[in-house]
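Visitor: Could you have a look at this structure, given as structure tokens, before my questions?
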Amino acid sequence: MKFKNNALALDATDLGILEALQEDARQTYTTIGKRLGVAHSTVYDRIKRMERHGIITKYTALIDAEKTGAKNITAIMTVFTNPKESEKVAEKLCEAPQVLEVYTSLSEELLIIAKVVAENQESLHAFIANSVAPLLGVLRIRTSIITKKFKETQFSMVNNPKKLTFIKEKHNKIGENKL
């Protein structure tokens, strides 16, 4: 990991470590090191540096809520706002435990898009009516209840186009060295 134009530039080893951690964050430094062909101390140092610089923000377990028996509904809520109040509305939504994700989008109008979870339709309605609609700057709200999930993933180093280019270059160089 190097600094380039005041931004962190990750090398192939850093990206390999991140990929390994995303696959299984409980792997040992030794296991990751063997996979990447580096010493476990290198893995340890790189991970600590990425934690310090905020690249690795936390370690967590992904849970399939349906398999736990949790019966929730998920909705995508589009909030149309007054542009002057948009940031404040987004920040308020971030504070609500029912809100899983918050994004802003600038199309014809400034929109806030939020992924919301609730026990049932009644509690979803109550949350929107009592907590979202009254916020200063909210003009209107459109809610779409998710009826079937086809895919849900987190950002991964595996599907990062920049990383894929890096890996191809690395493999090409390794192939050249063998000839």
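Okay, residues lined up against (1) assigned by TED's automatic domain parsing to the domain that holds Arg140; (2) in a helix (DSSP H, G or I); (3) at pLDDT 95 or above:
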residue: Ser41; (1), (2), (3): no, yes, yes
residue: Ile55; (1), (2), (3): no, no, no
residue: Met77; (1), (2), (3): yes, no, yes
residue: Glu91; (1), (2), (3): yes, yes, yes
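Visitor: Now for a separate question. Would you call Lys115 touching a Leu at 6+ places or on another chain (Cβ under 8 Å) and either surrounded by fewer than 18 Cβ atoms within 10 Å (Cβ to Cβ) or modelled with pLDDT under 95 (or both)? Lay out the reasoning, then the answer.
Guide: Working: touching a Leu at 6+ places or on another chain (Cβ under 8 Å): yes; either surrounded by fewer than 18 Cβ atoms within 10 Å (Cβ to Cβ) or modelled with pLDDT under 95 (or both): yes.
Here the answer is yes, as Lys115 does meet what is asked.
Matching residues to (1) over 27 Å from Glu91 (Cβ atoms); (2) in the same structural domain as Pro97 (by TED's automatic domain parsing); (3) modelled with pLDDT of 95 or more:
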residue	(1), (2), (3)
His125	no, yes, yes
Ala129	no, yes, yes
Val132	no, yes, yes
Leu135	no, yes, yes
Phe150	yes, no, no
Gln154	no, no, no
Asn159	yes, no, no
Lys162	yes, no, no
Thr165	yes, no, no
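Visitor: I've got another one for you. For the subset of segment 40-88 comprising residues that are in contact with a Gly (Cβ under 6 Å, 6 or more places away or on another chain) and surrounded by 16 or more Cβ atoms within 10 Å (Cβ to Cβ), which member is farthest from Arg140 (Cα to Cα)? First the steps, then the outcome.
Guide: Going through segment 40-88, the residues in contact with a Gly (Cβ under 6 Å, 6 or more places away or on another chain) turn out to be 40, 43, 81-82, 85.
Imposing the further condition that a residue be surrounded by 16 or more Cβ atoms within 10 Å (Cβ to Cβ) reduces the set to 43, 81, 85.
Numbers: Val43: 49, Thr81: 7, Glu85: 13 Å.
For segment 40-88, the residue satisfying everything is Val43.
Visitor: What tally of residues in segment 85-108 results from selecting those that are touching a helix residue (DSSP H, G or I) at 6+ places or on another chain (Cβ under 7 Å) and farther than 16 Å from Phe127 by Cα?
Guide: 1
Visitor: Within the set of pairs 6 or more residues apart or between chains, which connect a residue that is surrounded by 14 or more Cβ atoms within 10 Å (Cβ to Cβ) inside segment 24-36 to a residue that is at pLDDT 95 or above and in a loop (DSSP other than H, G, I, E, B) with Cβ atoms less than 6 Å apart?
Guide: Close Cβ pairs (under 6 Å, with a partner that is at pLDDT 95 or above and in a loop (DSSP other than H, G, I, E, B)) amount to Gly33/Ala39.
The values are calculated or read from the model by the stated rules, or taken from the named source; none is laboratory data. Every value quoted in this text rests on a predicted model; they were computed, and no experiment measured them. FYI the Cβ positions are ideal-geometry reconstructions off the backbone, even for glycines, and counts take in every protein chain you see.
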